[in-house]
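Comments concern the structure below.
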Amino acid sequence: MDISQYLDSFLAESEDNLATLDDLCLALERDGASDDTLAAMFRAAHTLKGMSATMGFMAMADLTHHMEDALGHIRNHPTEFQPSVVDTLLAAIDALTANLDQIRDRGSEEGIDHGAILQRLAAVVEGQNSNSEERSKEAGPPAAFRDRVAEILRSGREPLVIQVAFAPECTMKAVRLLMVERAVESFGECAAVYPDVQALEADADASTAYLAMLVAHEDADALLTAIREVSEIAAAMVVELESIVSASGEREINQARQETAATAAVATANETPANRPAAPSTGGKVRDQTLRVPVSRIDEFMNVLSELVIAKTRLELLAQHGDHALREVTEQIARLTSSLQDGVMQMRMMPVESLFQRFPRMMRDLQKTLGREFEFVMTGLETEMDRTVMDEMGEALVHLLRNAADHGLEPPEVRERNGKPRKGTIRLSAYASGGHVYLEVADDGAGIDRDRVLNSAIGKGLVDERSAQNWTDAQVYDLLFASGFSTAEKVSDISGRGVGLDAVRGKVESLGGDIRVGSVPGQGTTFVIELPLTLAILPAMLVQLDNYIYAIPTGSVEEVARLSAEDIDSIQEQPVYRYRDGVVPIVDLGDRFFDAPCRGDYPWNAVICKEGKRRLALIVDDIVDELEIVNKPLGRYLEQVEMFSGATILGDGRVALIIDVRQLF
Amino acid sequence: MAQQYVVMKMGKELYGAPVMQVVSVERMMDITPVPRTLPFIKGVVNLRGTVTPVIDLRERVGLSATERLDSDAMRIVIVEVDAMLVGMIVDSVEDVVTVDESQVSAPPEVVGGLRAVYLHGVAQLDERLLVLLNVNRILSDVEVDQLREVEKRVHG
């Protein structure tokens, strides 16, 4: 079978399952060994195992199999659950992730060795198994059988457990067992047998076997009679469930019985079987049906759509001179096209959950490595964002979260000394408002120390000591993002912040967003990132240069001006524009692009661009229009091109490059 | 192993690109120049909604820039390497031929000024020589070249 065509969906789904497992591990650590959590983990691990085995990735299948074993033991011995087991499970997930990465990159599992982690998983199983092994010697059926019984109990049914004793002279026990199974077949499902036929063939000394039957308990007598009729069977008897399931399991039995009773009561009260819940454990949440589509396919669709938009524009031109009916149809097509476009845009949006889901794990690990104690809270997981923007924000958020844990929060002892709760809180929230998405990272740490930041910046020569005295807090905090600030080695120790914050700001601004920081001494620090809802469509100003059109994102444009001779000065022979109470350097785009200046006679057409606090006057031949454009990537072949962030297709089908204003400063 | 090649003409010579890597052959279209990039990168075109870079194959592989008849025969051959689409401008596109691997001989060090690294080999096609291109190499080396270009600008 050619499996390569399934590889993509295998990779995607496995990734999802690993992410789910990761989340559930944390839930396991937080809430203890709850049945719901473990059941969900089982499902995810089982799917992983099945899929990887089908795809022929045996190392992965084997590791998941052992992980299932470990999970099984945790589930069946909830009282023995140690949070330290979670570390082992997480390590296994990491190993699986690495395994999956290699499959993606190289298409094979060559050289993968899970030996170490398999041992750790085995230790989990053995560690918790040793007790039950002993118990099994005194009280009959082994752990595996008890586990199965416990599982059935949890599903709300009560199996009938039957002990079958072989006659001493019985030589072919396996055959007899098969006959027993055959005999009980008509009564109901046999959910578990111990030992199974193969084990019996191997073990001649076995004298008893156990069966767990899913039958009406009234049939017990008839069932036993049927078994006893099989020759060379000495005895058959019903075993009390309580003696089968471990002490901890007993509670479960009672609980399960109560639950079943309750469900039954409800069902009777309603008198309609349809009202009966399908399975007692399902929570009432109904999931929307979803379809997994590769982003590339949506992008292709988007391309076809933009072609359609162009064709529509031409049609509109033609229709101007046509009759009434043609104009009407054209208008209708225009409306349909734009709603199609909105629809595709919507498809590119994803809940931030998919970005956030990896953070709880990271924050957990950070607590351990940094020796901090904090609660990590995430809100607004359902907030939707453009996929491209989201992918780009991952690193920046990691930076901010790390900063919050490392520098924002005080060590637990310090917190206690200052009369704050020992455990801090780090909050990651997302929300949408007015065409923007906001991402917020907040801690309840010590806040930013204004004086330290200032002193450090003065020391680095970033600010002049005298002028800095009157600065507002906001101005001072802004220094954290200055590029010279973070590169200095000791800064993070002095100021408490500064690791790569300039990189974070760079990333955010390149996406057309903005980042701010607020801080209250002693109460904490909050970083707020503001991002456009989508990158795919952005408002832009179209300018002309030679015969070509270029687009400048409106976000970078401050105003448009016509410069006359008296507006212009020069500094060191470079022309500058007197603007408000300062001067702005003039950049001639024609010069910059083609060594062919476009400044001729006054007035010059200028676009005043801004980046942070800096400004620039771009001289162009003409300013054409301002409209919404579809941002298309230039692609990998041109990724070294710096002055352009992308391109767009104009109404007449020509391509216009989008100028990355930051590169012109 | 026989392979099919799209036969492209540049000057008087014939060049072959593996048919598996050729996505389509387009007539010349409006090219938007990308300022400050390598000379052989002619710009970008709108290929059915995708912004696609276009290079001049002649300049790319180092053929002498002889006068090209700006005729209707000129084509843009769109090739795909590692999910990357690039158009190559050629004088004309002739045919698709099947070449058996056994007919291919190693390229000579220099063919008409063309750097041998960009060649897969040379095959005899009837009475004429078909120069088989290593398209992957032609496209992938661009990063190295771009870096060199930047360096040149920085250090003069």
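The values are calculated or read from the model by the stated rules, or taken from the named source; none is laboratory data. This is a predicted model, so every value here is computed, not measured. Positions of Cβ are backbone-derived with ideal geometry, glycine not excepted, and every protein chain shown enters the neighbour counts.
Return the pairs, sorted by first residue and then second, in which the second residue is of a type in the set (K, R) and not in a helix (DSSP H, G or I), the first residue lies in the stretch A:642-665 and is within 14 Å of A:F593 (Cβ to Cβ), the beta carbons are less than 9 Å apart, and the residues are 6+ apart or on different chains. These pairs meet every condition: A:E642/B:R36; A:M643/B:R36; A:I658/A:K632; A:V661/A:K610. Of the strands (runs of 3 or more DSSP E) that lie entirely inside the stretch A:503-561, those containing 1 or more residues that are in the same structural domain as A:R615 (by TED's automatic domain parsing) and of a type in the set (F, W, Y) span A:548-553. Before we move on, is A:D406 closer than 17 Å to A:L533 by Cα, assigned to a helix (DSSP H, G or I) and assigned by TED's automatic domain parsing to the domain that holds A:D502? No; evaluated as a whole, the condition is false for this residue. The criterion of being under 30 Å from A:D299 (Cα atoms) and within 14 Å of chain A (Cβ to nearest Cβ) holds for B:P35. Of the strands (runs of 3 or more DSSP E) lying entirely inside the stretch A:606-665, those carrying at least 3 residues that are facing chain B (nearest Cβ under 10 Å) and within 36 Å of the chain's Cα centre (by Cα) are A:644-649, A:655-659. For A:E80, the test of being assigned by TED's automatic domain parsing to the domain that holds A:D8, closer than 19 Å to A:A19 by Cα and of a type in the set (D, E, K, R) is failed. Filtered by the rule that a residue be within 14 Å of chain B (Cβ to nearest Cβ) and either crowded, with 17+ Cβ neighbours inside 10 Å or in contact (Cβ under 8 Å) with a residue 60 or more places away in the chain (or both), the stretch A:555-600 gives A:V587, A:D588, A:L589, A:G590, A:R592, A:F593, A:C598.
Quick check: anything in the stretch B:137-150 within 19 Å of the chain's Cα centre (by Cα), modelled with pLDDT under 70, over 18 Å from B:M10 (Cβ atoms) and β-branched (V, I, T)?
Yes - at least one qualifying residue is present in the stretch B:137-150.
Just to verify a result, which residue in the stretch A:204-234, among those that are under 12 Å from A:C170 (Cα atoms) and among the charged types (D, E, K, R), is farthest from the chain's Cα centre (by Cα)? Going through the qualifying residues, I end up with A:E232. For the stretch A:407-454, a residue qualifies if it is surrounded by 14 or more Cβ atoms within 10 Å (Cβ to Cβ) and without any contact (Cβ under 8 Å) to a residue 12 or more places away in the chain, and exactly one does: A:R415. Of the numbered criteria (1) within 14 Å of another protein chain (Cβ to nearest Cβ); (2) touching a residue at least 24 places away in the same chain (Cβ under 8 Å); (3) under 16 Å from the mean Cα position of the chain (by Cα); (4) over 30 Å from B:M1 (Cβ atoms), the one B:V44 fails is (2).
Scoring A:I623 on the criteria (1) in contact with a helix residue (DSSP H, G or I) (Cβ under 9 Å, 6 or more places away or on another chain); (2) closer than 20 Å to A:I659 by Cβ leaves a single failure, condition (1). In the stretch B:60-72, is there at least one residue being touching a Lys or Arg at 6+ places or on another chain (Cβ under 8 Å) and at pLDDT 90 or above? Taking every residue of the stretch B:60-72 in turn, none turns out to be touching a Lys or Arg at 6+ places or on another chain (Cβ under 8 Å) and at pLDDT 90 or above.
Among the residues of the stretch A:191-199, is any among the hydroxyl-bearing types (S, T, Y) and more than 17 Å from A:L241 (Cα to Cα)? Checked the stretch A:191-199: no residue is among the hydroxyl-bearing types (S, T, Y) and more than 17 Å from A:L241 (Cα to Cα).
Only one of the listed residues (A:L71, A:L48, A:L38, A:L96) is part of a helix (DSSP H, G or I), touching a residue at least 60 places away in the same chain (Cβ under 8 Å) and either within 25 Å of A:P360 (Cα to Cα) or within 22 Å of the chain's Cα centre (by Cα) (or both). That residue is A:L96. For the stretch A:230-240, the set of residues classified as out of contact with any helix residue (DSSP H, G or I) (no Cβ under 7 Å at 6 or more places or on another chain) and under 16 Å from A:M179 (Cα atoms) consists of A:S231, A:A234, A:A235, listed by residue number.
Residues checked against (1) touching a residue at least 24 places away in the same chain (Cβ under 8 Å); (2) of a type outside the set (G, A, S); (3) within 9 Å of chain A (Cβ to nearest Cβ):
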{"position": "B:K9", "(1), (2), (3)": "yes, yes, no"}
{"position": "B:R27", "(1), (2), (3)": "yes, yes, no"}
{"position": "B:I31", "(1), (2), (3)": "no, yes, yes"}
{"position": "B:L63", "(1), (2), (3)": "yes, yes, no"}
{"position": "B:S71", "(1), (2), (3)": "no, no, no"}
{"position": "B:V99", "(1), (2), (3)": "yes, yes, no"}
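Please verify whether A:E169 is in the same structural domain as A:S231 (by TED's automatic domain parsing) and within 28 Å of A:N76 (Cα to Cα), treating the condition exactly as stated. No. Tallying residues that are of a type in the set (D, E) and modelled with pLDDT of 80 or more within the stretch A:456-482 yields 2.
Within the stretch B:8-45, being assigned to a strand (DSSP E or B) and in contact with a Lys or Arg (Cβ under 7 Å, 6 or more places away or on another chain) holds for B:M10, B:L14, B:V25, B:E26, B:R27, B:T32.
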